[in-house]
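Here is the structure we will look at.
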Amino acid sequence: MFELSTLYAAFERYFGHPPTRIARAPGRVNLIGEHTDYNDGFVFPMALDRATYVAARPRADRIVRVFSVKFREEDQFNLDQIVRDEQRQWVNYIRGVAKGLLARDLPLRGADLLIDSDVPAGSGLSSSAALEVAVGYTFQLLNNINLLGEELALLAQGAEHSFVGVKCGIMDQLIAALGEAGHALLIDCRDLSYRPVPIPAHVRVVVCDSGVRHRLAGSEYNQRRAGCEEAVRLLKPVLGKIQALRDVRLTDLAEYGHLLPPDLLPLARHVVSENERTLAAADALAAGDVVKMGQLMVESHHSLRDDYRVSVPELDTLVELALAAPGCYGSRMTGGGFGGSTVSLVAADRVDEFVAAMIAGYAIRTGRTMQPLVCTAGAGVSCVYASEEE
Ligand code: ADP
Ligand code: MG
């Protein structure tokens, strides 16, 4: 557990006065629903019990000073002239959020901010959305601004698009803003509606980072995206008013799949079947059927590996090891693929054995050290400390 008193003391030491607010926003893991977001489909993420924390105090001037504990570095900018920093990427998440609030004509005061996190960065647990949402919420608290969770998520996504230059979907920011403790969130990426689904107390979600990151991930991603759009274009003449693969059924593919070139049919099949699996998974979990949920996760992995072709041998190995390990209901790669992590559903009372088996198995099979993260579903963004003074 993150120590708030340590963060409070670090702020006081660095800035010479205590913080007036501390906010936190969680990282996330997607349980199922991969490569469906940009096809107007469904995703099913869970907020983690790990978060990014921002301790803050308003200033009388227009200056924002930000100290990142992770980077041991300070950024300083003026609210009246916010520009991208070409050298240091991390500062752009904060600057982008401030700029987005000002662009909405919301009044901001300067602030001292200190940021720390126990969300591992770059592991696919969306430390970036946790940072954006935590910072956005902090500015809200300091300036008495009221934004709905959806608006905060869109503000955070906008910062990542325009200031960081990553064209991410909305899932990460939505779950960071709207997650509920003990629940996963079924999100409809077409209209951003969502449904919280309780996660049974007798299971744990375990994230295993393969340690692999492929350079080609970006271009492969764009290629898959373009393939999905092309499939929609080719199916439109026979299916009528479809806007995205979200509108296509498996029965449609059985009838008209021959209209797609051989490389596009499996892509479409993954997206269409993944949407159906994601809806089925939410129903299974809601009914407490963790066995069914686990099966759907394994089917999702096979579809990502064989049809969408975004897995790598290390992810396949992690899934294979998980399915043979004690207490595991299901396992799959999570995130865009070409490296990154797997997510496994594990019986709570077997989780220590599971973790030990994964560490040993992965070391033997790949020579790599790997430390699984055992997670429960945390809450969305919140204020965890408010002083009496303004
Ligand atoms: P992911 O979101 O999967 O963790 P990203 O590459 O999207 O990976 O985001 C990681 C980046 O977010 C880091 O390189 C850094 O720029 C920024 N970041 C994350 N956590 C922090 C933090 N605690 N302090 C400062 N910057 C952070
Ligand atoms: Mg990210």
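The values are calculated or read from the model by the stated rules, or taken from the named source; none is laboratory data. Every value quoted in this text rests on a predicted model; they were computed, and no experiment measured them. Positions of Cβ are generated from backbone atoms using ideal geometry, with glycine treated the same way; all protein chains shown enter the neighbour counts. SASA here: full protein model, heavy atoms, side chains in, ligands and nucleic acids out. Shrake-Rupley method; radii C 1.70, N 1.55, O 1.52, S 1.80 Å.
Here are some notes:
- Filter pass, Gly96 being surrounded by 20 or more Cβ atoms within 10 Å (Cβ to Cβ), small (Gly, Ala, Ser) and away from ligand 1 (no atom under 15 Å from the Cβ): no
- When segment 108-128 is limited to residues that are part of a strand (DSSP E or B) and within 16 Å of ligand 2 (Cβ to nearest atom), the one that is most open to solvent (accessible area, probe 1.4 Å) turns out to be Ser117.
- If the condition is being under 14 Å from Ala325 (Cβ atoms) and among the basic types (Lys, Arg), then segment 341-379 contributes Arg350, Arg365.
- Scanning segment 218-246 for residues that are exposed (fewer than 13 other Cβ atoms within 10 Å of the Cβ) and either touching a residue at least 40 places away in the same chain (Cβ under 8 Å) or not in a helix (DSSP H, G or I) (or both) turns up Gly240, Lys241, Gln243.
- Options Asp85, Asp105; residue that is part of a loop (DSSP other than H, G, I, E, B) and open to solvent by less than 50 Å² (accessible area, probe 1.4 Å): Asp85
- Any hit, segment 4-16, residues being over 20 Å from Val197 (Cβ atoms), outside any helix (DSSP H, G or I) and touching a residue at least 24 places away in the same chain (Cβ under 8 Å): no
- The residue that is farthest from ligand 2 (Cβ to nearest atom), among those in segment 140-149 that are outside any loop (DSSP other than H, G, I, E, B) and either out of contact with any strand residue (DSSP E or B) (no Cβ under 7 Å at 6 or more places or on another chain) or among the hydroxyl-bearing types (Ser, Thr, Tyr) (or both), is Asn143.
- Taking the conditions (1) open to solvent by 10 Å² or more (accessible area, probe 1.4 Å); (2) under 30 Å from Val135 (Cβ atoms); (3) within 21 Å of the chain's Cα centre (by Cα) in turn, Glu388 satisfies each one other than (3).
- For segment 319-335, residues that are surrounded by 18 or more Cβ atoms within 10 Å (Cβ to Cβ) and farther than 19 Å from Val203 by Cα total 1.
- Boolean, Ala284 is within 23 Å of the chain's Cα centre (by Cα) and surrounded by 18 or more Cβ atoms within 10 Å (Cβ to Cβ): yes
- Condition broken by His270, with the remaining ones in (1) within 18 Å of Val343 (Cα to Cα); (2) open to solvent by less than 20 Å² (accessible area, probe 1.4 Å); (3) out of contact with any strand residue (DSSP E or B) (no Cβ under 7 Å at 6 or more places or on another chain); (4) touching a residue at least 40 places away in the same chain (Cβ under 8 Å) satisfied: (1)
- Residue match in segment 166-181 (condition: of a type in the set (S, T, N, Q) and either open to solvent by 20 Å² or more (accessible area, probe 1.4 Å) or away from ligand 2 (no atom under 16 Å from the Cβ) (or both)): no
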